[in-house]
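The values are calculated or read from the model by the stated rules, or taken from the named source; none is laboratory data. Remember, predicted model here, so these are calculated numbers, not experimental data. Please note: Cβ atoms are built from the backbone with ideal geometry, for glycine as well, and neighbour counts cover all protein chains shown.
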Amino acid sequence: MVANEWLVIGMITGFLALMIIGIPVAISLAVSGFVAGYLGFGSTLFSLMPARLYGVVTNYTLLAIPLFVFMGVMLEKSKVAEKMLETIGKAMGGVNGGMGLAIILVGVLMGASTGIVGATVVTVGLLTLPVLIRRGYSPSVSCGTICASGTLGQIIPPSLVLILLSDIVGESVGALFAAAFIPGLLLAGIYIAYLLLLGLFKKELVPAIPKEEREQTSGRQLARDLASDVLPPLFLVIAVLGSIVGGIAAPTEAASMGALGALLIALVTRRLNPGLMRETLHGTLVISAMVFFILLCAQPFALAFRGLGGENMVHTLFEMLPGGEFGAILFLMALLFVLGFFLEWIEISYIALPMFLPVFMNYGTDMVWLAIMVAMNLQMSFLTPPFGWALFFLKGVAPKGITTRDIYVGALPFVALQLLALVVLFQFPSVATWLPEAIGW
């Protein structure tokens, strides 16, 4: 037994060492898992692997991932998001901080339609950061707002994180989508309140659009733009999420209709062409292949960890923690937050989280509530300096004059706001559990 424990420690250490020297995460997972597993229980590992791999590629729920990715990439590439942002910006421009509010609202809509943090941050950053700076917005506030808006796709359904977490914790996708809905809107509401307070007390940081510029667009034209640019993607999101949460369609079926709906929006707006289709299919293939490749490479690691008794080691670790169930949850949240500095959310979800789940199952923890806290925690790691991925995405497209310090300083208040939302969720589990219970999930 002691030898197996040392193998588990060696496997985790080997994985981290391979990753540090630059080996891709997926390969590091597979190599460390195969080596430790073979040393632990010989060729039996190879006879167990085919069934595990087959289970991943034939998982009906996971089929929703490429379909939701297609839906999001199509809406991004067809400039639907760009038009939506421009129109909402005009509608909100008369308020101090109005452009920032528009970015948050677009982040909600793009999060509910794409669920891809990188795509949202890059798109919104390219479109709005130069405009915000030109209008007199503080560089740090602008950068923080864009990064925070982009990360909303991690918690607002149909998030890819929630689809994978449903498979890991053994809960339905519909239940997690319903549970994430109110926390996601709560977080967006906290962002909006922060920007409104800035507009009230620090209006020089977030000035309104000048009246002369706003008057160039009539109220009738603005209403037409809202109807043509905002309502179609909004109806698509409501139809897709409503059909899943309402139990009318399975996630995969709803995702397929979402993909079809994105195609129809591009067609009706006369943006659908062979070039757009090629770009969309290529983007969908790259993102989906990355997700599934990591999932497949995680299987030997997870199998070796469980087979070598890693779960018992985790149980022993948690028994040493004070505070029982809540102490264990706080420890998990802190650990996931730190891991988010170094690992992608996919590896954290499929490697770190399954190690600890049996502990919480023994406690009788509500898995839906725990999954939503994990999703919000992973979202926070996207925004935290110095390694937050959203910060890197924005830095890659930021115009000259925007420094790394601007991005980091701007992100910190939103990290604090995300932490506030996580504390609210921890203290009041009903924020996540009320809606799925109310609709019978």
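Some notes on this structure:
For (1) within 20 Å of LEU164 (Cα to Cα); (2) of a type in the set (A, V, I, L, M), each residue gets a yes or a no:
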site: ILE348; (1), (2): yes, yes
site: LEU353; (1), (2): yes, yes
site: TYR363; (1), (2): no, no
site: PRO385; (1), (2): no, no
site: GLY396; (1), (2): no, no
site: VAL423; (1), (2): no, yes
site: PHE426; (1), (2): no, no
site: THR433; (1), (2): yes, no
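- For ALA289, the criteria (1) in contact with a helix residue (DSSP H, G or I) (Cβ under 8 Å, 6 or more places away or on another chain); (2) within 30 Å of SER43 (Cα to Cα); (3) not aromatic (Phe, Trp, Tyr) hold in every case but one, which is (1).
- Candidate set: the stretch 168-214, residues that are in a helix (DSSP H, G or I) and among the hydroxyl-bearing types (Ser, Thr, Tyr); chosen: the one nearest to ILE348 (Cα to Cα): TYR191
- Restricting the stretch 42-70 to residues that are touching a residue at least 24 places away in the same chain (Cβ under 8 Å) and aromatic (Phe, Trp, Tyr) leaves a set whose member that is surrounded by the fewest Cβ atoms within 10 Å (Cβ to Cβ) is TYR60.
- Restricting the stretch 382-408 to residues that are crowded, with 16+ Cβ neighbours inside 10 Å and either among the aromatic types (Phe, Trp, Tyr) or on the phi > 0 side of the Ramachandran plot (or both) leaves a set whose member that is farthest from the chain's Cα centre (by Cα) is TYR408.
- Criterion: farther than 30 Å from ILE351 by Cβ, at pLDDT 80 or above and assigned to a helix (DSSP H, G or I) - qualifying residue of GLY89, GLY14, GLY100, GLY33: GLY100
- Applying the criterion of being crowded, with 22+ Cβ neighbours inside 10 Å and closer than 16 Å to GLY388 by Cβ to the residues of the stretch 120-132, the residue that is modelled with the lowest pLDDT is THR120.
- Any hit, the stretch 314-322, residues being closer than 30 Å to LYS79 by Cβ, assigned to a helix (DSSP H, G or I) and free of Cβ contacts under 8 Å to residues at least 12 places away in the same chain: no
- Criterion applied to VAL106, VAL141, VAL117 was being among the β-branched types (Val, Ile, Thr), at pLDDT 75 or above, closer than 30 Å to GLU253 by Cβ and out of contact with any strand residue (DSSP E or B) (no Cβ under 7 Å at 6 or more places or on another chain), and the one residue passing it is VAL106.
- Of the listed requirements (1) without any contact (Cβ under 8 Å) to a residue 40 or more places away in the chain; (2) touching an Asp or Glu at 6+ places or on another chain (Cβ under 9 Å), GLU76 misses just one: (1).
- Sole residue being at negative phi and surrounded by fewer than 18 Cβ atoms within 10 Å (Cβ to Cβ), chosen from LEU29, LEU16: LEU16
- Those residues of the stretch 266-283 which are within 24 Å of the chain's Cα centre (by Cα) and at pLDDT below 85, in sequence order: GLY283
- Among the residues of the stretch 396-428, not one is closer than 19 Å to GLY136 by Cβ, at pLDDT below 85 and part of a helix (DSSP H, G or I).
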